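Inspection log for the structure reproduced underneath, given as C-alpha cells.
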Amino acid sequence: MWMIKKIGVISCAGEEIPEGTVSRTATRIVIEDLCPDNTLTICLPLFTAGHEEERAFAINFPTIAVDGCEKRCAEKGIRRFTGNPPDATIIVTDIMKKCNLNPKSRVQLDEEGKRLAMKVAEAVAEEVDKIMEKQLEQSEIPE
Amino acid sequence: MSENKVLVIPCSGIGKAHGTVTRQATYYVLEKLRPEKTQTTCLALIVVDDEEALKLVKKYPCVTVDGCPYECSKKNLEAVGGNIAGSVMSTKVFRDNRDLKPESVTELGPKGEALAEKVAEKIVEEVDRILDGKS
C-alpha cells in the first residue's frame, strides 16, 4: 500500500511567555506557507477536552511538537494522550540560543520575534521533510 | 502572586480565528485594563498537570475564555478541579457584534482586534464581579 500521511504540528501556544507566541506563530507559518500540503495542526487542549478525533489523528499520524520552553508541554501532551512520543520536538528556547534572537512581547511579536518564528518554522519544516522522506522510503511503490 | 488576583485563561485555539481573539483579549486585560488584578498561566501546563500551574488554578479564582463550543479552557480547568469563577465565550460576543469578523488566525485585522477588545470588556466584567465578591 502506497500511502503518505499528513503530519500533525502541535504547538504549546504557552500564554505566559513570548516563546509561546513564537511557537504558535511558527506553527501557523508551517501549515500555511512552508508545508501547506503535508501538514495540519491540532489544538493541544482539545486532547484533554476529550476529543477522540484529535487523539485518533495523533495516534495514527506522525506528529511534531513545537514547544516554547523546556517544560515541553506539547511533547508531554502527545506522549500522554497517544501513548507515543512525537516524531520530533522543536524547542523555541534552543533556537533562540543558537541565533541570539530575543522576543520581548507575548502580545505582538516584534521584529526579533518574527525572525525567530521564521527560524523555528524552518526547523519544523526540516523535520517535516525528514518524516516525508522516511515515509517515502518505507512505502511500497506499486508496480 | 498577590492574594487579590484573578487568573484569566484563554483557550488560544490554534485552528480558528476566535482562538486568537481569546488570546488577544486576555492580553488586553492583563496588560492594559486590569494589570494589577489579573494574571495568566499557560493552558498547556494545565493540560499536562504541571504541579505549579495546578496549585495556581485551584487557589485563585479563574475566568476561562473560550473561542468555540468545545470550551477547551473551561473543560480542562474542570477536569483538574480548577476554581472557575467566571467564563466568557468569544463567539457569544461575536453574535452581538456581527460586523466585527476577524480576518484570520494569524491576522485578526482591525475588526478582529475590535472584537478582542469587546471580549476583553466581558472578561473585565467577570474579574470585577469576582473581586467585588458578587455571585
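Would you mind telling me which numbered condition in (1) touching an Asp or Glu at 6+ places or on another chain (Cβ under 7 Å); (2) assigned to a loop (DSSP other than H, G, I, E, B) residue A:89 fails?
For residue A:89, the failing item is (2).
Being over 16 Å from the mean Cα position of the chain (by Cα) and within 17 Å of residue B:12 (Cβ to Cβ) is true for just one of B:71, B:113, B:107, B:103. Which residue is that?
Working: B:71 fails: over 16 Å from the mean Cα position of the chain (by Cα); B:113 fails: over 16 Å from the mean Cα position of the chain (by Cα); B:103 fails: within 17 Å of residue B:12 (Cβ to Cβ).
Criteria check complete, one pass: B:107.
What is the number of the single condition among (1) within 15 Å of the chain's Cα centre (by Cα); (2) within 10 Å of chain B (Cβ to nearest Cβ); (3) surrounded by fewer than 22 Cβ atoms within 10 Å (Cβ to Cβ); (4) of a type in the set (Gly, Ala, Ser) that residue A:13 does not meet?
For residue A:13, the exception is condition (3).
Filter the range B:82-104 down to residues that are within 20 Å of residue A:46 (Cβ to Cβ) and assigned to a loop (DSSP other than H, G, I, E, B) and give me whichever is most open to solvent (accessible area, probe 1.4 Å).
B:104
Please find, within the range B:1-36, the residue that is nearest to the other protein chains (Cβ to nearest Cβ) out of those that are acidic (Asp, Glu) and more than 15 Å from residue A:15 (Cβ to Cβ). Break it down into steps so the answer makes sense when it comes.
Going through the range B:1-36, the residues acidic (Asp, Glu) turn out to be B:3, B:31, B:36.
Adding the requirement that they be more than 15 Å from residue A:15 (Cβ to Cβ) leaves B:3, B:36.
Values: B:3: 20, B:36: 17 Å.
That would be B:36.
Check the range A:65-82 and report whether any residue there is in contact with a strand residue (DSSP E or B) (Cβ under 6 Å, 6 or more places away or on another chain) and part of a loop (DSSP other than H, G, I, E, B).
Filtering the range A:65-82 down to residues in contact with a strand residue (DSSP E or B) (Cβ under 6 Å, 6 or more places away or on another chain) leaves A:65-67, A:74-75, A:78.
Restricting the remaining residues to those that are part of a loop (DSSP other than H, G, I, E, B) gives none.
Looking through the range A:65-82, none of the residues is in contact with a strand residue (DSSP E or B) (Cβ under 6 Å, 6 or more places away or on another chain) and part of a loop (DSSP other than H, G, I, E, B).
Any chance you could count how many residues in the range B:8-34 are surrounded by fewer than 24 Cβ atoms within 10 Å (Cβ to Cβ) and among the aliphatic types (A, V, I, L, M)?
3
Looking at residue A:89, is it open to solvent by 10 Å² or more (accessible area, probe 1.4 Å), touching a helix residue (DSSP H, G or I) at 6+ places or on another chain (Cβ under 8 Å) and more than 13 Å from chain B (Cβ to nearest Cβ)? Steps first, answer last, please.
On the way: open to solvent by 10 Å² or more (accessible area, probe 1.4 Å): yes; touching a helix residue (DSSP H, G or I) at 6+ places or on another chain (Cβ under 8 Å): yes; more than 13 Å from chain B (Cβ to nearest Cβ): yes.
Spelling it out, residue A:89 is indeed open to solvent by 10 Å² or more (accessible area, probe 1.4 Å), touching a helix residue (DSSP H, G or I) at 6+ places or on another chain (Cβ under 8 Å) and more than 13 Å from chain B (Cβ to nearest Cβ).
I'm trying to understand the selection: among the residues of the range B:35-53, which are surrounded by fewer than 18 Cβ atoms within 10 Å (Cβ to Cβ) and assigned to a helix (DSSP H, G or I)?
Once the filter is applied, which keeps residues that are surrounded by fewer than 18 Cβ atoms within 10 Å (Cβ to Cβ) and assigned to a helix (DSSP H, G or I), the range B:35-53 yields B:51, B:52.
Looking at residue B:58 and the list (1) open to solvent by 10 Å² or more (accessible area, probe 1.4 Å); (2) within 12 Å of chain A (Cβ to nearest Cβ); (3) not hydroxyl-bearing (Ser, Thr, Tyr), which single condition is not satisfied?
For residue B:58, the exception is condition (2).
Restricting to the range A:28-55, give me the number of residues that are open to solvent by less than 30 Å² (accessible area, probe 1.4 Å), among the hydroxyl-bearing types (Ser, Thr, Tyr) and part of a helix (DSSP H, G or I).
0
Of the residues in the range B:39-68, how many are touching a residue at least 12 places away in the same chain (Cβ under 8 Å) and over 11 Å from the mean Cα position of the chain (by Cα)?
12
Quick one: would you say residue B:133 is over 19 Å from residue B:19 (Cβ atoms), in contact (Cβ under 8 Å) with a residue 12 or more places away in the chain and either open to solvent by less than 80 Å² (accessible area, probe 1.4 Å) or in contact with a Pro (Cβ under 8 Å, 6 or more places away or on another chain) (or both)? Walk me through it before giving the result.
Working: over 19 Å from residue B:19 (Cβ atoms): yes; in contact (Cβ under 8 Å) with a residue 12 or more places away in the chain: no; either open to solvent by less than 80 Å² (accessible area, probe 1.4 Å) or in contact with a Pro (Cβ under 8 Å, 6 or more places away or on another chain) (or both): yes.
For residue B:133, the condition - over 19 Å from residue B:19 (Cβ atoms), in contact (Cβ under 8 Å) with a residue 12 or more places away in the chain and either open to solvent by less than 80 Å² (accessible area, probe 1.4 Å) or in contact with a Pro (Cβ under 8 Å, 6 or more places away or on another chain) (or both) - is not met.
Give me a count of the residues in the range A:20-59 that are more than 23 Å from residue A:130 (Cα to Cα), modelled with pLDDT of 95 or more and more than 10 Å from chain B (Cβ to nearest Cβ).
Residues that pass the stated criteria total 0.
Has the range A:130-142 got at least one residue that is of a type in the set (D, E, K, R), modelled with pLDDT of 95 or more and open to solvent by 30 Å² or more (accessible area, probe 1.4 Å)?
Narrowing the range A:130-142 to residues of a type in the set (D, E, K, R): A:130, A:133-134, A:137, A:140.
The next check asks that each one be modelled with pLDDT of 95 or more; those that pass are A:130.
Going one step further and asking which of them are open to solvent by 30 Å² or more (accessible area, probe 1.4 Å), we end up with A:130.
Looking for residues that are of a type in the set (D, E, K, R), modelled with pLDDT of 95 or more and open to solvent by 30 Å² or more (accessible area, probe 1.4 Å), one finds at least one in the range A:130-142, hence yes.
Which condition breaks for residue A:58 when tested against (1) buried (at least 18 other Cβ atoms within 10 Å of the Cβ); (2) out of contact with any helix residue (DSSP H, G or I) (no Cβ under 9 Å at 6 or more places or on another chain)?
(2)
Any residue in the range B:55-77 that is touching a helix residue (DSSP H, G or I) at 6+ places or on another chain (Cβ under 8 Å) and aromatic (Phe, Trp, Tyr)? So that I can check it myself, show each step before the final result.
Just the residues of the range B:55-77 that are touching a helix residue (DSSP H, G or I) at 6+ places or on another chain (Cβ under 8 Å), to begin with: B:57, B:61-70, B:72-73, B:75-77.
Imposing the further condition that a residue be aromatic (Phe, Trp, Tyr) reduces the set to B:70.
Scanning the range B:55-77, I find at least one residue that is touching a helix residue (DSSP H, G or I) at 6+ places or on another chain (Cβ under 8 Å) and aromatic (Phe, Trp, Tyr), so the answer is yes.
The values are calculated or read from the model by the stated rules, or taken from the named source; none is laboratory data. Since the model is a prediction, treat every value here as computed from it, not as a measurement. We place every Cβ from the backbone using ideal geometry, glycine too, and count neighbours over all the protein chains shown. Calculation scope for accessible area: heavy atoms of the full protein, side chains included, ligands and nucleic acids excluded. Shrake-Rupley method; radii C 1.70, N 1.55, O 1.52, S 1.80 Å.
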